[in-house]
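Colleague: Have a look at this one before I ask anything.
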Amino acid sequence: MSVQYDPKTIQAHAEALYAQARRIVMTFGFFGFIVGASAGGGVGASLSNGGAFALIGGVVGLLVGVSMGRSRAFVLQIQAQMALCNVAIEANTRRAADTAVAASRPVEVAQFSHAG
């Protein structure tokens, strides 16, 4: 089986990386909220305001989780951009090579026969 270059495959991969980047921010935020709320609830369990501590811990955990998710999402977005950049480089190089080949071809001259 011969593998052929297909820029659509790289485009699909870049789109998948961007989708994963969006999901990772939400996922980290969700789990940050859960961990923060659990930690806050654990700290506040011995106090009368356990719910307030759980809420504050959840919000802090959410902010930390979103921040971590954004940094990981940025890495995925950079990978997607590098893949798209490589596709653009290939397209531009192919176009320039095709132009150079076309320019180097000799101009066909019509041949006339002289009678006489």
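Where a number appears in this text, it was derived from the coordinates with a stated rule and is not lab data. What you are looking at is a predicted structure, and each value in this text was computed from that prediction instead of being measured. All Cβ positions, even for glycine, are placed from backbone atoms using ideal geometry, and neighbour counts span all protein chains on display.
Colleague: Quick check: residue separation of R72 and A102 times 0.36 nm, minus the Cα distance between them. What number comes out in nm?
Modeller: Stretched out fully, the R72 to A102 stretch lengthens by 6.2 nm.
Colleague: Does a label point 7 Å from the Cα of A91, set along Cα-to-beta-carbon, have any residues of segment 1-32 with amide nitrogen under 11 Å, and which are they?
Modeller: What the label zone holds, given the 11 Å backbone N cut-off, is 7-8, 11.
Colleague: Determine the calculated [θ] at 222 nm for the chain from helices alone, applying -39500 (n - 2.57) to every DSSP H run no shorter than 4 residues and normalising by the residue count; nearest 500 deg cm²/dmol.
Modeller: Values: 2 runs with 93 residues, N = 116.
Helix-only estimate at 222 nm: -30000 deg cm²/dmol.
Colleague: Still on this structure, I have one more. Could you work out the relative contact order of segment 7-99, using alpha carbon pairs under 8 angstrom and six or more residues apart, expressed as a whole percent?
Modeller: This gives 37 percent for segment 7-99.
Colleague: Stretch Y18-M82 to full length: gain in nm at 0.36 nm per residue minus the Cα-Cα span? Could the numbers behind the result be given before it?
Modeller: Values: separation 64, 0.36 × 64 = 23.04 nm, distance 1.23 nm.
Result for the pair: 21.8 nm of gain on full extension.
Colleague: What do you get for the angle between helix 7-44 and the principal long axis of the chain? Use alpha-carbon atoms, 0 to 90 degrees, nearest ten.
Modeller: 10 degrees
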